[in-house]
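Input: a single structure, listed below in structure tokens.
The values are calculated or read from the model by the stated rules, or taken from the named source; none is laboratory data. Fair warning: this is a prediction, and the values are worked out from it, not measured in the lab. Please note: Cβ atoms are built from the backbone with ideal geometry, for glycine as well, and neighbour counts cover all protein chains shown. The area values use the complete protein model at the heavy-atom level, side chains included, leaving out ligands, DNA and RNA. Shrake-Rupley method; radii C 1.70, N 1.55, O 1.52, S 1.80 Å.
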Amino acid sequence: MKAIKVLVSAYEASGKTTITSKIKDALVINFDRKEYGFNVPHANFNNYEGMSSVINFINEKINKYKDNFKALPKVVVLDTVTQLYSAMARYNGAKYTGFNIHSQNNADTLDFNAYVEEILIGNGISVVIVAHTTVDPDSGRHIIPASGQFSKAGSWLSVVNDALFIEKASGKLVVHLKGFKYPTRTTLKDVEDKIAIEDFDINAYLDKLLASKTESEKFVL
């Protein structure tokens, strides 16, 4: 069973949750410390006590989804990893001191990404990573906040092959699929640089990515 990993990023209140709430057969893990506002299967994560608490929570909710719907979710939406990362940093900052804080942040980040790749993706569950962005004051580039080695490696953009960015310009929302201005990338050959959000079908986009992955894996030796 094939699965993909996709990043959806934007500024605050730019439609990230709205667009990802339309994904079919999905389970949303809400890290934003506020009630999830859409009538789709979701779980609110509120109490960070180490990365194992996150992984156990997601596994528990996947099993509950399976009990309710008699199938695994086709997609797990992580909304938002930036809030998860903030909770992790607060917890480690209170529990550890000095370099041990950064060391634990790096270890937890590696553990979480390994879980996503090896367990979720490995079991055929696609993952949509939702993240907030900010503008780096030095470079002027749009970045997804992180710390340590993970930040230097490119943060959450570095762990996906496909990423889209939602721009809020002149009162209209635009989905950017490729280009250098925003944190975007795509493995699709024939795709627009950008598209108005009302014309963007995220399920059709995910289906194209899955089909492309299946086709490309024929060439893996």
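Remarks
- Counted charge near A3, where neighbours are those whose Cβ lies closer than 13 Å (Asp, Glu -1; Lys, Arg +1): -2
- Per-pair calculated FRET efficiency, R0 = 25 Å: Y96 and D138 via Cβ, rounded to 0.05: 0.35
- Cut-off 15 Å between beta-carbons: net charge of the residues surrounding N46, Lys and Arg +1, Asp and Glu -1: -1
- Note on N44 and K168: their simple-model spin labels are 2.2 nm apart, each label 7 Å out from Cα toward Cβ.
- When the solvent-accessible area of the chain is split by element, carbon and sulfur atoms take up 51 percent of it, the probe being 1.4 Å.
- Accessible surface for L110 stands near 120 Å², nearest 10, in the context of the full protein assembly shown (1.4 Å probe).
- Note on K181 and Q149: with the Förster distance fixed at 30 Å, the Cβ-Cβ geometry gives a FRET efficiency of about 0.75.
- Over all pairs of different C-alpha atoms, region 141-210 has a mean inverse distance whose reciprocal, the Kirkwood radius, equals 13.1 Å.
- Annotation: S147 carries an accessible surface of approximately 40 Å², with a 1.4 Å probe and no ligand, DNA or RNA atoms counted.
- Basic side chains Lys and Arg get +1 at the Cβ, acidic Asp and Glu get -1 at the Cβ, and with that the dipole of region 148-221 about its Cα centre reaches some 380 debye.
- Computed extension gain for K2 through L188, at 0.36 nm per residue and net of the alpha carbon distance, reaches 65.3 nm.
- Its Cα gyration tensor gives region 54-145 an equivalent ellipsoid. The semi-axes, each the square root of 5 times an eigenvalue, are 28, 18, 11 Å from largest down.
- Taking 7 Å steps out from each Cα toward its Cβ at D25 and L221 produces label points 3.4 nm apart.
- Euclidean distance of C-alpha centroids, region 1-73 and region 138-190, integer Å: 21
- Between K64 and N106, the modelled labels are 3.6 nm apart [label points 7 Å from Cα along Cα→Cβ].
- Per residue, the accessible area of the chain comes to 54 Å², computed with a 1.4 Å probe over protein heavy atoms only.
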